[in-house]
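The values are calculated or read from the model by the stated rules, or taken from the named source; none is laboratory data. Since the model is a prediction, treat every value here as computed from it, not as a measurement. Heads up, the Cβs are rebuilt from the backbone with ideal geometry, glycines too, and the neighbour counts pull from every protein chain shown. Surface areas here come from the heavy atoms of the whole protein model, side chains and all, with no ligands, DNA or RNA. Shrake-Rupley method; radii C 1.70, N 1.55, O 1.52, S 1.80 Å.
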Amino acid sequence: MENLNFMIGKNLQILRKKNSLTQAELAEKLNYSDKAISKWEKGESLPPIEVFYKLSQLYGVSIDNIVNEEKIKPHVIESSYLRKRYLHITLLSLLAVWLVALVCFVFIHIFTDKYYPLTFAWGVPVSTIVGLVFDVIWNKCKIMFWLVSVLVWSILLCLAIQLLHFNVWEILLFGIPLQIAVIIWSRMVKK
């Protein structure tokens, strides 16, 4: 039983550190003292079952993951809190892209007395680049190939609109080999 307490304590410690919480911060969230958290993590005592439930909700893992005798691997755990935080950061970054597009649109109108709606069209590939960066950093490239496809076609469409005096289809034809290259690349990476 003492070995099990020690293993649960180690799991609790790994989960807490993975979620960037101090013992005092966790104690505040659970309405316990940091000394109690310390005892749990050292394996000197176990938290009540309702605390196991709160911890599983907080960390985004099952209670079985907390009490399992196999040590939790720190790189496998990702809490729902972190996923929400990543989503909020990504959305704020995308909002910043569209705010810059709006500012450019307004300044172009003020200084040239012309409307230039293409600033919003170019916001699509820039937003896709932001999405790609965050997908690579946080999501381990889960939707990277979809985003690369959107990037290719949105850049080509923006160029086609920008250069209307050229034949639009000639510009869009570049998308076919590029899309095939993305598909081959995605299959190569998955294997």
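Identify the residue in region 6-63 that is touching a helix residue (DSSP H, G or I) at 6+ places or on another chain (Cβ under 7 Å) and on the phi > 0 side of the Ramachandran plot and, among all such residues, is modelled with the highest pLDDT.
Applying the filter and picking the extreme gives Gly43.
Among what's in region 64-86 and is in a helix (DSSP H, G or I) and open to solvent by 100 Å² or more (accessible area, probe 1.4 Å), pick the residue that is modelled with the highest pLDDT. Lay out the reasoning, then the answer.
Pass one, region 64-86, residues in a helix (DSSP H, G or I): 64-67, 80-86.
Then drop every residue that is not open to solvent by 100 Å² or more (accessible area, probe 1.4 Å), which leaves 81, 83-85.
Numbers: Tyr81: 71, Arg83: 79, Lys84: 83, Arg85: 86.
Checked region 64-86; the qualifying residue modelled with the highest pLDDT is Arg85.
Return the residues of region 37-57 that are within 27 Å of the chain's Cα centre (by Cα) and either small (Gly, Ala, Ser) or open to solvent by 50 Å² or more (accessible area, probe 1.4 Å) (or both); say none if nothing qualifies. It would help to see each step written out before you state the result.
We begin by selecting, within region 37-57, every residue within 27 Å of the chain's Cα centre (by Cα); these are 52-57.
Answer for region 37-57, where residues must be within 27 Å of the chain's Cα centre (by Cα) and either small (Gly, Ala, Ser) or open to solvent by 50 Å² or more (accessible area, probe 1.4 Å) (or both): Tyr53, Lys54, Ser56, Gln57.
Quick one: in region 116-165, of everything that is among the hydrophobic types (A, V, I, L, M, F, W, C) and assigned to a loop (DSSP other than H, G, I, E, B), which residue is most open to solvent (accessible area, probe 1.4 Å)?
Leu164
Taking the residues in region 166-178 that are assigned to a loop (DSSP other than H, G, I, E, B) and closer than 17 Å to Ser149 by Cβ as candidates, determine which candidate is farthest from the chain's Cα centre (by Cα). Please lay out each step first, then the result.
So the first thing to find is which residues in region 166-178 are assigned to a loop (DSSP other than H, G, I, E, B), and the list is 166-167, 173-174.
Right, trim to closer than 17 Å to Ser149 by Cβ and you get 173-174.
Values: Leu173: 33, Phe174: 31 Å.
By that ranking, first place goes to Leu173.
For residues that are aliphatic (A, V, I, L, M), in a helix (DSSP H, G or I), open to solvent by less than 30 Å² (accessible area, probe 1.4 Å) and within 28 Å of Tyr86 (Cβ to Cβ), tally how many sit in region 9-36. Lay out the reasoning, then the answer.
Start the filter on region 9-36 by keeping residues that are aliphatic (A, V, I, L, M), which leaves 12, 14-15, 21, 24, 26-27, 30, 36.
Now restrict to residues that are in a helix (DSSP H, G or I): 12, 14-15, 24, 26-27, 30, 36.
Filter once more, keeping what is open to solvent by less than 30 Å² (accessible area, probe 1.4 Å): 12, 14-15, 26-27, 30, 36.
Filter once more, keeping what is within 28 Å of Tyr86 (Cβ to Cβ): 12, 14-15, 26-27, 30.
Total satisfying the criteria: 6.
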